[in-house]
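Since the structure comes first, as structure tokens, the remarks are kept for the end.
The values are calculated or read from the model by the stated rules, or taken from the named source; none is laboratory data. This one's a predicted model, so the numbers in the text were calculated from it and none came from an experiment. Because the Cβ atoms are built from the backbone with ideal geometry, glycine has one as well, and the counts that use them run over all protein chains shown. With ligands, DNA and RNA removed, areas are computed over all heavy atoms of the protein, side chains included. Shrake-Rupley method; radii C 1.70, N 1.55, O 1.52, S 1.80 Å.
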Amino acid sequence: MAAIALSIQIYTAKWYRGNLNLNRVKKRSSSSKGTAVTNRGKVTAAISILVLILTSKMAYLAGITSFYSFYLIERFQLSVQEAQWCVFAFLAAGAAGTFFGGPLSDLWGRRNVIWFSILGALPFAFLLPYVNFQISIVFCIIIGFTIMSSGSVNVVYAQELLPGNIGTVSGLFFGLAFGAGGLGAALLGMLADSTSIDYVIKLCAFLPLLGLLAIFLPSDRKLAQWATEAEARQSVSQ
């Protein structure tokens, strides 16, 4: 599977290199400078919110994959194999959500999908620690699909905020946010040792609440307006 993934990545990299228009990238990069000057504060705030949202999601993901099976074993006296079904359902649905999140964003808009990933998961995340084993599998599927549906959308949205800065965006979201989520999981583990698994799982239900900060994100229309204004300024300067 790793070899297949590597082959796909190499193919994708060659395709991207062959289709990359250097002049267009330079134009977008110069336009982004005008955007940054005029809307620097708004862009910084939006990027910070996106990083915080993704960090909370990754911490929640790490918490569920690391501790939820132990919670089920402790609460329902399940075997390890039985408890892992919920984690499997969560991760499989998350993979599907990541895949379908892109097409959904084309239909609904990127910020709307970010909202969907938060509001769709919140009620089920709150109820997950209190339902029986069979229902928890269903809830894990719903949470996994919805909460991960904006995984790739967050990155594309950030690239629109910072056009021409693909490396910076990738570092922020695949480095900083993922790493912070891992550190959050370590802190949850320490908390579980000092309290209980039950307490940590119930605490994890509140992590997606940070996603409500998405209300402060600019709409897709606003992003398009910023890009148009930047291009107009660039044309005038030339």
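Overview of results
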{"item": "So Gly109, is it in contact (Cβ under 8 Å) with a residue 24 or more places away in the chain and out of contact with any helix residue (DSSP H, G or I) (no Cβ under 6 Å at 6 or more places or on another chain)", "result": "no"}
{"item": "In region 117-151, residue surrounded by the most Cβ atoms within 10 Å (Cβ to Cβ) [restricted to those that are closer than 16 Å to Ala214 by Cβ and of a type outside the set (A, V, I, L, M)]", "result": "Ser150"}
{"item": "Test: residue in region 218-232 that is in contact with a helix residue (DSSP H, G or I) (Cβ under 9 Å, 6 or more places away or on another chain), under 21 Å from Ser48 (Cβ atoms), touching a residue at least 12 places away in the same chain (Cβ under 8 Å) and not in a helix (DSSP H, G or I)", "result": "yes"}
{"item": "Condition met for Thr44 (part of a helix (DSSP H, G or I), more than 19 Å from Ile142 (Cα to Cα), modelled with pLDDT of 85 or more and open to solvent by 50 Å² or more (accessible area, probe 1.4 Å))", "result": "yes"}
{"item": "Any pair with Cβ under 7 angstrom, 6 or more apart, that starts in region 170-195 at a residue that is under 17 Å from Leu52 (Cβ atoms) and modelled with pLDDT under 80 and ends at one that is open to solvent by 40 Å² or more (accessible area, probe 1.4 Å) and part of a helix (DSSP H, G or I)", "result": "none"}
{"item": "Number of positions in region 74-97 that are open to solvent by less than 50 Å² (accessible area, probe 1.4 Å) and assigned to a helix (DSSP H, G or I)", "result": "10"}
{"item": "In region 1-23, the residues that are of a type outside the set (A, V, I, L, M, F, W, C) and at pLDDT 80 or above", "result": "Ser7, Gln9, Tyr11, Thr12, Lys14"}
{"item": "Selected residue (only one of Val131, Val113 is hydrophobic (A, V, I, L, M, F, W, C) and closer than 19 Å to Ala158 by Cα)", "result": "Val113"}
{"item": "Residues of region 156-169 classified as crowded, with 19+ Cβ neighbours inside 10 Å and either among the β-branched types (Val, Ile, Thr) or free of Cβ contacts under 8 Å to residues at least 24 places away in the same chain (or both), total", "result": "1"}
